[in-house]
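A.B. asks: Before I ask anything, let me first share the structure, which is written out below as structure tokens.
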Amino acid sequence: MVGAAALAALFVARVQLGTSSAFDLGIGDAFRALLATLGLGDPLPDLDQVVARGRIIDGATAALVGASLAVSGALLQGLFRNPLASPGLVGVTSGASLGAVLGLLAIGGVTDELLGGRDDLLVAAASNAPVVVTGSAFFGALLVAVFVMLLASRGGRVSVPTLLLVGVAVNACLGGILAAVQDVLVRDNWGVAQSLFRWLFGSLTDRTAVQVLIAAVGLGLALLAVPLVSRELDLFAGGEDTASSLGVSVGRTKLLALGAASISAATAVSVAGQIAFVGLVVPHLVRQGFGARHAHVLPLSALGGAVLLLGAECANLALLGPARLQPGPVLSLIGGPFFLGLLLARRREVATW
Amino acid sequence: MVIDGGGNPVALAAEGVHYGYPGGEPVLRGVDLALGAGEVVALIGPNGAGKSTLLKLLGGLLRPDAGTAQLGGSDVAGLPAKERARSVALVPQALFALPDLTVEEFVAQGRYAHRGLFRGASAEDRAAVARALDEAEVADLARRPLAELSGGQRQRALVARALSQEPRFVLVDEPTNSLDPAHQLQVFELIAGLGCVGRAALVVTHDLNLASQFATRVVLLTDGVVTADGPVREVLTPGVLRPVYGDGLRFGELFAPGWGEARPWVLPWRSPGDPRA
């Protein structure tokens with residue numbers, strides 16, 4: 001309840017806040033614009049409603065992307081029985097990024113023609129080839145998730161150091177390939193290279209309704225899996241053999257959880273680029289506050305992720321206004337120290353390798 | 001024979017089972033072992049003989065390379081996971097679970113195989129959990145978090161979870177590892193009770209003396225082959241065990257009223273004539 005109220009308040013705040021002071025909206029106006037978008041009440045006059053609509057779309061994107069990343073992290077943590085797993089650390093978001101980029105290149109999408117004169121690759125991609133971008137992002141994410149699962153599990157159990165090191169290695173490989181792609185593009189097509197580079201920082205402004213839809217579908221599909229894997233992941237905590245002897249179909253559970261984690265991370269990446277640490281921080285805080293049962297952790301992570309990313313965007317806009325940072329760096333600034341603290345708190349477990 | 005709900009006999013049996021882990025040497029080389037009603041079978045043997053592997057094969061967690069592991073005539077590993085879990089329960093060596101579970105919640109995990117997708121716990125589930133808590137004597141700990149339990153209590157919670165599955169066969173892997181003698185006795189008393197009507201248990205253990213007191217039958221697995229299978233007095237003898245464990249064993253017998261017959265004891269004991277002495 002508190003979370004839902006916080007989310008609603010943040011949403012109003014997000015609509016009120018913008019990058020340009022020329023379109024300052026009051027709280028009342030922001031509220032009215034929201035209601036109008038939902039089909040309730042009259043819209044704001046002229047340009048104000050247009051501006052508000054843009055902000056509503058960006059706010060919805062932030063909430064959906066935050067929720068998707070957090071659910072993805074919660075699923076991976078349950079699957080790997082490891083509180084340090086997250087789509088970023090495991091390499092799932094890198095896989096999604098690379099998948100999306102390669103998908104675009106494969107259809108010859110990275111051309112001035114497709115970009116249609118706009119230099120924002122993602123907006124262009126979403127409006128011109130959303131299925132390819134999101135589909136290939138999903139494929140890349142799933143491939144990495146399955147690969148890491150196979151590589152890091154020994155005797156059905158995944159140790160913390162192994163998982164982290166495999167993640168580092170996978171991220172290094174994918175980063176290298178991505179850098180090579182960018183390097184070629186820098187020489188070939190400066191504009192595209194630049195927008196790719198900006199994408200890697202993540203972006204939650206100037207999104208489109210199509211992107212909101214993509215993010216919503218990704219989150220929705222992942223949430224569909226929740227009732228099918230919650231109890232099962234609870235039993236996974238005792239190891240795969242134990243879960244199996246208690247009646248869990250281990251293969252099916254892994255496939256569902258990996259698929260759901262991959263699709264939510266992939267849609268988030270294809271809509272907003274790489275935004276780190278949401279998937280790590282949120283499930284961790286949810287477990288601290290509400291216990292470790294997945295029937296609670298998974299949906300509450302969705303809510304928490306939405307609140308965190310939308311809140312970060314609001315704080316970002318409120319504090320820095322037009323000079324705002326992209327969400328990628330913002331979340332890294334919050335999440336980096338958090339992750340370090342987590343590692344230090346679990347120093348003993350990490351050191352027992 | 002173990003009897004199922006419809007009054008038909010059901011057996012859990014390995015026949016001619018061969019198994020090797022991928023890329024490794026064969027671990028089991030033609031093992032026959034059947035569990036019958038009321039039995040508490042102790043599975044003993046040197047480290048690396050394949051005892052835990054055999055347990056996993058009978059529990060359906062592994063598939064034999066050759067031969068069969070069957071429950072009532074169907075391959076255990078081929079059964080749907082829930083159906084298998086309603087007949088065969090496995091008690092692992094160590095307890096891992098979500099950190100904040102209470103004992104009761106942990107034991108209720110055994111009901112997973114009895115519950116539908118969107119169904120909560122039924123009255124039947126709650127009754128089964130209560131019976132399991134009682135039988136394993138952890139009812140007084142029901143509301144305690146798992147993290148507060150002692151080693152012996154953790155073992156009993158593990159057995160209780162297996163009991164709440166209401167299985168016909170309970171497979172137990174080295175239950176007394178790292179327990180003090182009092183808790184060893186307590187856990188084995190509990191395991192001896194698993195062989196009551198309609199149920200059977202197979203217990204992997206290194207503790208020959210506990211096996212001697214509580215098992216109805218002892219199976220000796222050596223190097224992937226069953227080298228002895230029979231009543232306690234026939235297996236726990238110098239002639240059977242010395243070729244396997246070496247000459248450093250001393251044998252004797254103890255008798256107590258109510259036992260009916262004397263039970264052998266076996267001790268690893270340094271001999272004065274031993275060059276290592």
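The values are calculated or read from the model by the stated rules, or taken from the named source; none is laboratory data. All of these numbers come straight from a predicted model, not from anything done at the bench. Cβ placement follows ideal geometry from the backbone for every residue including glycine, while neighbour counts extend to all protein chains displayed.
A.B. asks: If residue A:301 passes every condition in (1) at positive phi; (2) surrounded by 20 or more Cβ atoms within 10 Å (Cβ to Cβ); (3) away from chain B (no Cβ under 14 Å); (4) not aliphatic (A, V, I, L, M) but one, which one does it miss?
C.D. replies: Only one criterion is unmet by residue A:301, namely (1).
A.B. asks: Show me the strands (runs of 3 or more DSSP E) found entirely inside the stretch B:1-117 where at least 1 residues are in contact with an Asp or Glu (Cβ under 7 Å, 6 or more places away or on another chain).
C.D. replies: Ranges flagged: B:12-20, B:26-35, B:66-71, B:88-91.
A.B. asks: Residues of the stretch A:214-235 being touching a His at 6+ places or on another chain (Cβ under 9 Å) and either at the interface with chain B (Cβ under 7 Å from one of its Cβ atoms) or at pLDDT below 90 (or both), which ones?
C.D. replies: If the condition is that a residue be touching a His at 6+ places or on another chain (Cβ under 9 Å) and either at the interface with chain B (Cβ under 7 Å from one of its Cβ atoms) or at pLDDT below 90 (or both), then A:231, A:234 are the ones that fit.
Yes/no per residue for (1) modelled with pLDDT of 95 or more; (2) closer than 16 Å to residue A:243 by Cβ; (3) at the interface with another protein chain (Cβ under 10 Å from one of its Cβ atoms); (4) within 21 Å of the chain's Cα centre (by Cα):
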| residue | (1), (2), (3), (4) |
| --- | --- |
| B:54 | yes, no, no, yes |
| B:61 | no, yes, yes, yes |
| B:72 | no, no, no, yes |
| B:85 | yes, yes, yes, yes |
| B:93 | no, yes, no, yes |
| B:97 | no, yes, yes, yes |
| B:102 | no, no, no, no |
| B:118 | no, no, yes, no |
| B:134 | no, no, no, yes |
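A.B. asks: Of B:113, B:142, B:162, which residue is farther than 22 Å from residue B:58 by Cα and in contact (Cβ under 8 Å) with a residue 40 or more places away in the chain? Quick ask: steps written out before the conclusion?
C.D. replies: Values: B:113 fails: farther than 22 Å from residue B:58 by Cα; B:162 fails: farther than 22 Å from residue B:58 by Cα.
Among B:113, B:142, B:162, only B:142 is farther than 22 Å from residue B:58 by Cα and in contact (Cβ under 8 Å) with a residue 40 or more places away in the chain.
A.B. asks: Within the bounds of the stretch A:102-116, is there any residue that is touching a Ser or Thr at 6+ places or on another chain (Cβ under 9 Å) and at pLDDT 80 or above?
C.D. replies: Yes, there is a match, as at least one residue in the stretch A:102-116 is touching a Ser or Thr at 6+ places or on another chain (Cβ under 9 Å) and at pLDDT 80 or above.
A.B. asks: Where in the stretch B:186-252 are there helices (runs of 4 or more DSSP H), lying wholly inside it, with at least 3 residues that are in contact (Cβ under 8 Å) with a residue 40 or more places away in the chain?
C.D. replies: The qualifying helices (runs of 4 or more DSSP H) are B:208-214.
A.B. asks: Separate question: In the stretch A:244-259, which residues are touching a Leu at 6+ places or on another chain (Cβ under 8 Å), of a type in the set (A, V, I, L, M) and either within 9 Å of chain B (Cβ to nearest Cβ) or buried (at least 24 other Cβ atoms within 10 Å of the Cβ) (or both)? Even if it seems obvious, please write down each step before you answer.
C.D. replies: Initially, the stretch A:244-259 is screened for residues touching a Leu at 6+ places or on another chain (Cβ under 8 Å), giving A:244-246, A:248, A:253-254, A:256-259.
Next, only the ones that are of a type in the set (A, V, I, L, M) stay: A:246, A:248, A:256-258.
Hits for the stretch A:244-259 are A:246, A:248, A:257.
A.B. asks: Test each condition in (1) surrounded by 22 or more Cβ atoms within 10 Å (Cβ to Cβ); (2) more than 14 Å from every other protein chain (Cβ to nearest Cβ) for residue A:208 and report the one that comes out false.
C.D. replies: Only one criterion is unmet by residue A:208, namely (1).
A.B. asks: Looking at (1) within 23 Å of residue A:9 (Cβ to Cβ); (2) within 14 Å of chain B (Cβ to nearest Cβ), which one does residue A:306 not meet, given that it meets all the others?
C.D. replies: (2)
A.B. asks: Can you give me the number of residues within the stretch B:20-52 that are basic (Lys, Arg), farther than 23 Å from residue A:247 by Cα and surrounded by 21 or more Cβ atoms within 10 Å (Cβ to Cβ)?
C.D. replies: Matching residues across the stretch B:20-52 total 0.
A.B. asks: From the list B:213, B:184, pick out the single residue that is touching a Ser or Thr at 6+ places or on another chain (Cβ under 8 Å) and surrounded by fewer than 24 Cβ atoms within 10 Å (Cβ to Cβ).
C.D. replies: Exactly one residue qualifies, and that residue is B:184.
A.B. asks: Based on this model, can you work out whether residue A:292 counts as in a helix (DSSP H, G or I), of a type outside the set (S, T, N, Q) and modelled with pLDDT of 80 or more?
C.D. replies: Values: in a helix (DSSP H, G or I): no; of a type outside the set (S, T, N, Q): yes; modelled with pLDDT of 80 or more: yes.
Against the criterion (in a helix (DSSP H, G or I), of a type outside the set (S, T, N, Q) and modelled with pLDDT of 80 or more), residue A:292 does not qualify.
A.B. asks: Okay, moving on. Write out, first by first residue and then by second, each pair whose Cβ atoms fall under 6 Å of each other, whose residues are 6+ apart or on separate chains, and whose first residue, in the stretch A:48-68, is on the phi < 0 side of the Ramachandran plot while the second is among the hydroxyl-bearing types (Ser, Thr, Tyr) and surrounded by fewer than 24 Cβ atoms within 10 Å (Cβ to Cβ).
C.D. replies: A:56/A:37; A:58/A:205
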